[in-house]
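Okay, so here's the structure we're looking at.
The values are calculated or read from the model by the stated rules, or taken from the named source; none is laboratory data. Here the structure is a predicted model, which is why all the values come from computation and not from measurement. Methodologically, a virtual Cβ is constructed for each residue, glycine included, from the backbone with ideal geometry; neighbour enumeration extends over all protein chains shown. Just so you know, the surface numbers come from the protein's heavy atoms only, side chains and all, with ligands and any DNA or RNA stripped out. Shrake-Rupley method; radii C 1.70, N 1.55, O 1.52, S 1.80 Å.
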Amino acid sequence: MSALTVTVVVPAYNEAEAIGPVVAGLHAELAKRKIEFEIIVVDDGSRDGTASAVNASHARVIAHPANGGYGLSLLTGISAAKHEWVLMIDADGSYPPSEILRLLDFAPAFDLVIGAREGAHFWGTPTKTFLRWVYLKLAGFIVGEPVPDANSGLRLVRKSLIDRQGLVRCLGYSFTTTMTLSFLMQGRFVKFLPIHFRARSGGHSKVRPVRDVLRTLQLMTEVAIIYNPLKFFVIIASWVGAAAAAMLAVHVAGGGPVFLLCAVVCALGSLISFSVGCVLDSLRMHGQWRP
């Protein structure tokens, strides 16, 4: 078996406070393993001197002329990687560099190893905890198995699978979510490894809650339609069917003919949704469905 070689990709946008220690920590930890590695920092149009804060002896910096997004930064680094295994880690210091060696232990047995975050900094406030719980339950429903952490920024993946798998492309915040769901839906071997997660070292979060949540839901819908259209349309059919049953109940209770008409329309809509899902799923199974 050939020795494991790794390219570390660190996407960074206005992370001058944290990027230096993060890269130094990565270099020190990988040096312990005595393997061939490289570290690539993708400066995504930073305006705070992020690139100059990186020790040139520890990492190579690739600079975007303008801010292109988290996903685009990762794709830039992956494209430039010279090794088959790519380790992705955020630049804000929230992932301890000491955790990366644990991920390497699961290659090459797994195609994707995800550092599944735990602890108070991951779950956050009660509101954030509830929203994250709903998000993970939805992700688990789409793929048909529990998903402890769909969008962790610490992960190890085979470069060749990113290059050819054709996952739903996202150039922004949800790149990691679509990767996780796509790998699971394709039957790839994915390992969720519990890791320590801490507060960022400096700066501020680049996440925009409303925009990024809506974008994530859109991409999760795309993944469901591509890989399991029947499940997606069954959900729609169920909701519309429930509306039909409610309208029929109101009609029986004396609500008038308009509720019967609404019940019939909703029932037809439910049947059509289910039929569309069956047709698309049949095409998928025969290799003829690919949006």
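Applying the Karplus parametrisation 6.51 cos²θ - 1.76 cosθ + 1.60 with θ = phi - 60° to the phi angles of region 87-99, what ³J(HN,Hα) value in whole Hz is obtained for each residue in order, glycine and proline being reported as x?
9, 9, 8, 6, 8, 8, x, 6, 10, x, x, 5, 6
Quick one: work out the % antiparallel among DSSP beta bridges in the chain, nearest 5.
Here the share of antiparallel DSSP bridges comes out near 25 percent.
Over the chain, what percent of the accessible surface lies on carbon and sulfur atoms, probe 1.4 Å? Mind showing how you got there, number by number?
On the way: 9010 of 13930 Å².
Accessible surface attributable to carbon and sulfur in the chain totals 65 percent.
Enumerate the amide H contacts of residue 61 below 5 Å, restricted to partners 5 or more residues apart or on another chain; note that Pro and chain-start residues carry no placed amide H.
41
Once a ≥ b ≥ c are taken as the square roots of the eigenvalues of the Cα gyration tensor of region 61-106, is the result rounded (a/c under 1.5), prolate (a/b larger than b/c) or oblate (a/b not larger than b/c)?
oblate
Place a +1 charge on the Cβ of each Lys and Arg in the chain and a -1 charge on the Cβ of each Asp and Glu, then give the dipole magnitude about the Cα centre in debye, rounded to the nearest 20.
Roughly 240 debye for the chain.
Quick check on the chain: helices-only [θ] at 222 nm, where DSSP H runs of length 4 and up contribute -39,500 (n - 2.57) each and the sum goes over total residues. Nearest 500, please.
-16000 deg cm²/dmol
Mean projection of the alpha-carbon convex hull of the chain over all orientations, in nm²?
Computing the convex hull of the Cα atoms and averaging its projections yields 18.1 nm².
Return a single number: how many Lys pairs in the chain, at a sequence separation of 8 or more or on separate chains, have alpha-carbon atoms below 17 angstrom apart.
Pairs that pass both the separation and distance tests number 5.
In Å², and per residue, what accessible area does region 219-265 have when probed at 1.4 Å with the other protein chains present? Don't skip to the end; give the middle numbers.
Details: 2480 Å² over 47 residues.
Result: 53 Å² per residue.
With +1 on each Lys and Arg Cβ and -1 on each Asp and Glu Cβ, and nothing else charged, work out how big the dipole of region 35-135 is about its Cα centre, in Debye to the nearest 20.
280 debye
Mind checking which of 148, 245, 11 is farthest towards the positive end of the chain's charge dipole, using Cβ charges of +1 (Lys, Arg) and -1 (Asp, Glu) about the Cα centre?
Toward the positive end, the furthest listed residue is 245.
Is the shape of region 218-291 best called rounded, prolate or oblate, per the rule: a/c under 1.5 gives rounded, else a/b larger than b/c gives prolate, else oblate, with a ≥ b ≥ c the square roots of the Cα gyration tensor eigenvalues?
Taking the square roots of the gyration eigenvalues as a ≥ b ≥ c, region 218-291 is prolate.
Roll a 1.4 Å probe over the protein chains and send me the accessible area per residue for region 25-84 in Å². Mind dumping the intermediate values first?
Values: 2840 Å² over 60 residues.
About 47 Å² of surface per residue is accessible.
Mind running the shape call on region 1-48? Use the C-alpha gyration tensor, a ≥ b ≥ c as the square roots of the eigenvalues: rounded below 1.5 for a/c, prolate if a/b tops b/c, oblate otherwise.
oblate
With just the Cα atoms defining each centre, how far is region 224-279 from region 93-160? Give it in Å.
36 Å
Excluding residue 129 itself, calculate the net charge of residues whose Cβ lies under 15 Å from the Cβ of residue 129, where each Lys or Arg counts +1 and each Asp or Glu counts -1.
Every neighbour counted, the sum reads +2.
Projected onto the charge dipole of the chain (+1 at Lys/Arg Cβ, -1 at Asp/Glu Cβ, origin at the Cα centre), which of 183, 272, 51 gives the Cα projection farthest towards the positive end?
Going by the Cα projections, it comes out as 272.
To the nearest µm²/s, what D does Stokes-Einstein give for region 35-172 at 25 °C and 0.890 mPa s, using the Kirkwood radius over alpha carbon pairs as Rh? All intermediate terms of the calculation are to be shown ahead of the outcome.
Numbers: Rh = 16.7 Å.
Translational D for this selection: 147 µm²/s.
Looking only at 46, 57, 270, which one moves most when the chain is put into a Gaussian network model with springs between Cα atoms under 10 Å?
Maximum among the listed residues: 57.
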